[in-house]
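**Student:** Please read through the structure below; I'll follow up with questions.
The values are calculated or read from the model by the stated rules, or taken from the named source; none is laboratory data. These numbers come from a predicted model, not from an experiment. When we count neighbours, we look across all protein chains shown, and the Cβ atoms used for this are built from the backbone with ideal geometry, even at glycine. We work out accessible area using only protein heavy atoms, side chains counted, and drop any ligands, DNA or RNA first. Shrake-Rupley method; radii C 1.70, N 1.55, O 1.52, S 1.80 Å.
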Amino acid sequence: MSCLLPCLLTVACVTTHEATRAPTLEEKCDGGSAWACETWAKQLQVDNRTEEADRALGLACAMGSTSACLSQGKDRLSRGDLDGAESPLRRAYDEESEEATLALADLEDARGDVAGAAHFRYEALSIDKSTTEFAFGWRVPFDGGMGLAIDVNVQPMGLKARRLTLGANISMDPKRVSLNATVGYQHFVTNWFAPYARALVGPYIDDSASRRTPINLGAEVGMKFFAGPLGHLGTGFGTSLDGSTYYFLQAGLDWVLTLVVLAHM
C-alpha cells in the first residue's frame, strides 16, 4: 500500500501527458492532412529518407495537393524514374500547372520523344491562363470623344492551347454603339506576353441616320500582358467599315474574380 499512491500518480501523469501531447506530423498525415504529409515529406528529404518522403508526398497527392504531386513527380524524375514520375506530374498538369507541364516536357525529352516534349512546352506558355474572362476597356476614337467596351472572352486549352479566342463585345462611343461577335488569335511569345488580332462583326444598336451599313465589321490588333490565371492588361488599335479608328486600353479578369468584385461593389 505504501507505493500505491505514488504509482497511481505516476500513471496519471503519464496518461495526462499522452492525452495533451500534440500529434506529430506523421500522425496528422496518417489522419488525412495533406498539409502535414507534405511538410513531413520535406523534413524527411532533409534527412535523406527518400522512400518515406516519396510515400508522404504520394499520400498528399492522393488527397488533392497539386504541389505534392508536382514535388513527387519532379523528385522521381530527378532520380531517373520516368514511369513513376509521369502519374503525379500528369495529376498536376490536369490542374493546369505550368511547372508540371514543363516537367512533363523534360520527361518526354528523357524518353527521346522530341515531338511530345515540344507539345508540352507549347502548352506550358498558356496553360495557367483563365478559360473565361471579362474585359473592360476604354476606347479613344480618332474622331473625338471617349468610349467604352465590354468583352467576354472564351479561350479553352482545346482551341490550340488558348491561342484561338471566341467572344462577345459591346462597344460604345459618342457616335456609335454596336454588339459584336468576336474571333481572334493570340500568339504567346512568353508565358506573360502575347500579341493578338481579332475580327468583330455584329449589328449597330443605335439609331444614327448617317450609318452607311447596319452591320459593323471591324478588326483590332494589339498586345496582352498576362498575370497568370488572374487576367491580363491589353492595348492596341482598331478600325471598322464605318470609318472609325480608335485606340483602346483594356483590363481582363477571370470570370470568378469578376463576380467577386461585382458582389463587393
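**Student:** Pairs under 6 Å by beta carbon, first residue over 11 Å from residue 230 (Cα atoms) in region 245-265, partner assigned to a strand (DSSP E or B) and among the hydroxyl-bearing types (Ser, Thr, Tyr), six or more apart or different chains?
**Tutor:** If the second residue must be assigned to a strand (DSSP E or B) and among the hydroxyl-bearing types (Ser, Thr, Tyr), the pairs left are 245/239; 249/235.
**Student:** Can you name every residue in region 127-151 that is open to solvent by 70 Å² or more (accessible area, probe 1.4 Å) and in a loop (DSSP other than H, G, I, E, B)?
**Tutor:** 142, 143, 146
**Student:** Name the residues in region 108-126 that are within 23 Å of residue 254 (Cα to Cα), open to solvent by less than 40 Å² (accessible area, probe 1.4 Å) and of a type in the set (A, V, I, L, M, F, W, C), would you?
**Tutor:** Keep residues of region 108-126 that are within 23 Å of residue 254 (Cα to Cα), which gives 122-126.
Still in the list and also open to solvent by less than 40 Å² (accessible area, probe 1.4 Å): 123-124, 126.
Matches in region 108-126: 124 only.
**Student:** Oh, and also: Given 245, 258, which one is touching a strand residue (DSSP E or B) at 6+ places or on another chain (Cβ under 6 Å) and open to solvent by less than 10 Å² (accessible area, probe 1.4 Å)?
**Tutor:** Working: 245 fails: open to solvent by less than 10 Å² (accessible area, probe 1.4 Å).
Answer to the check: 258.
**Student:** What tally of residues in region 51-65 results from selecting those that are touching a residue at least 24 places away in the same chain (Cβ under 8 Å) and open to solvent by 50 Å² or more (accessible area, probe 1.4 Å)?
**Tutor:** So the count comes out to 3.
**Student:** Determine the pairs where a residue that is of a type in the set (S, T, N, Q), located within region 223-237, has a partner that is open to solvent by less than 70 Å² (accessible area, probe 1.4 Å) with Cβ atoms under 6 Å apart, the partner being 6 or more residues away or on another chain.
**Tutor:** Close Cβ pairs satisfying both conditions: 235/222.
**Student:** Let me ask something else. Checking the structure you have, find out if any residue of region 185-208 is open to solvent by less than 30 Å² (accessible area, probe 1.4 Å), touching a Ser or Thr at 6+ places or on another chain (Cβ under 9 Å) and of a type in the set (Asp, Glu).
**Tutor:** No, because not a single residue in region 185-208 is open to solvent by less than 30 Å² (accessible area, probe 1.4 Å), touching a Ser or Thr at 6+ places or on another chain (Cβ under 9 Å) and of a type in the set (Asp, Glu).
**Student:** Could you please find all residues in region 80-92 being free of Cβ contacts under 8 Å to residues at least 24 places away in the same chain, in contact with a helix residue (DSSP H, G or I) (Cβ under 8 Å, 6 or more places away or on another chain) and of a type outside the set (Gly, Ala, Ser)?
**Tutor:** 86, 89, 90
**Student:** Search region 72-107 for residues being of a type in the set (D, E, K, R) and not in a helix (DSSP H, G or I), and hand back the single one that is surrounded by the most Cβ atoms within 10 Å (Cβ to Cβ).
**Tutor:** Narrowing region 72-107 to residues of a type in the set (D, E, K, R): 74-76, 79, 81, 83, 86, 90-91, 94-96, 98-99, 106.
In the following step, the residues that additionally are not in a helix (DSSP H, G or I) were identified as 79, 81, 95-96.
Numbers: 79: 12, 81: 13, 95: 16, 96: 18.
So, considering only residues that are of a type in the set (D, E, K, R) and not in a helix (DSSP H, G or I), the one surrounded by the most Cβ atoms within 10 Å (Cβ to Cβ) is 96.
**Student:** Check whether at least one residue in region 159-173 is out of contact with any strand residue (DSSP E or B) (no Cβ under 7 Å at 6 or more places or on another chain) and open to solvent by less than 40 Å² (accessible area, probe 1.4 Å), and report yes or no.
**Tutor:** Within region 159-173 (the criterion being out of contact with any strand residue (DSSP E or B) (no Cβ under 7 Å at 6 or more places or on another chain) and open to solvent by less than 40 Å² (accessible area, probe 1.4 Å)), the answer is yes, since at least one residue qualifies.
**Student:** Consider residue 181 against the criteria (1) at pLDDT 95 or above; (2) open to solvent by 70 Å² or more (accessible area, probe 1.4 Å): it satisfies all of them except one. Which criterion is unmet?
**Tutor:** (2)
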